[in-house]
C-alpha cells in the first residue's frame, strides 16, 4: 500500500474519511469503498476503452475487429454491437454508480453533519 503514489493514497484516505464521517463502521466503509473502486475501474478500463481495429471503417463490426472472431462462439457479443455505438459513457457511469450506491446501507446522516441538520 505504501508504494502507491501519494495522490492515490490521499484520495483513498478522503473517501474512507467521508464514509466514516457518514456513520459507516470500518467493515461497511471498506465494502463500499471496494465496490466503488471496482465499479469505476471496470467501467473506465474495460467498458469505456474498446479496442478499435480500424478507426476509418464505417461498419462497427469491422471497426472493432469482431469479424475476426468466430460468429458461433460469440453470438451475444455480436448481437449487442449496435448498442456499443450508442454508448454514453458519462450517463452509463452515473447510472451504474447510482444503482450500486442505492444498494448500500443507509448512513446515519446525523453523524455526517456532526449532529447538525442541514
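When 118, 49 are checked against the criterion of being modelled with pLDDT under 85, outside any helix (DSSP H, G or I), within 15 Å of the chain's Cα centre (by Cα) and loosely packed, with under 14 Cβ neighbours inside 10 Å, a single residue qualifies: 49. Is it true that some residue in region 74-90 is assigned to a helix (DSSP H, G or I) and closer than 29 Å to residue 17 by Cα? Yes, region 74-90 contains at least one residue that is assigned to a helix (DSSP H, G or I) and closer than 29 Å to residue 17 by Cα. A search for C-beta distances below 6 Å between a residue of region 1-25 that is more than 15 Å from residue 37 (Cβ to Cβ) and any residue that is part of a loop (DSSP other than H, G, I, E, B), counting only pairs 6+ apart in sequence or on different chains, returns 22/107; 23/107; 23/108; 24/107.
The values are calculated or read from the model by the stated rules, or taken from the named source; none is laboratory data. The structure displayed is predicted, hence computed values, not measured ones. In this analysis, Cβ positions are derived from the backbone assuming ideal geometry, glycine residues included, and neighbour counts consider all displayed protein chains.
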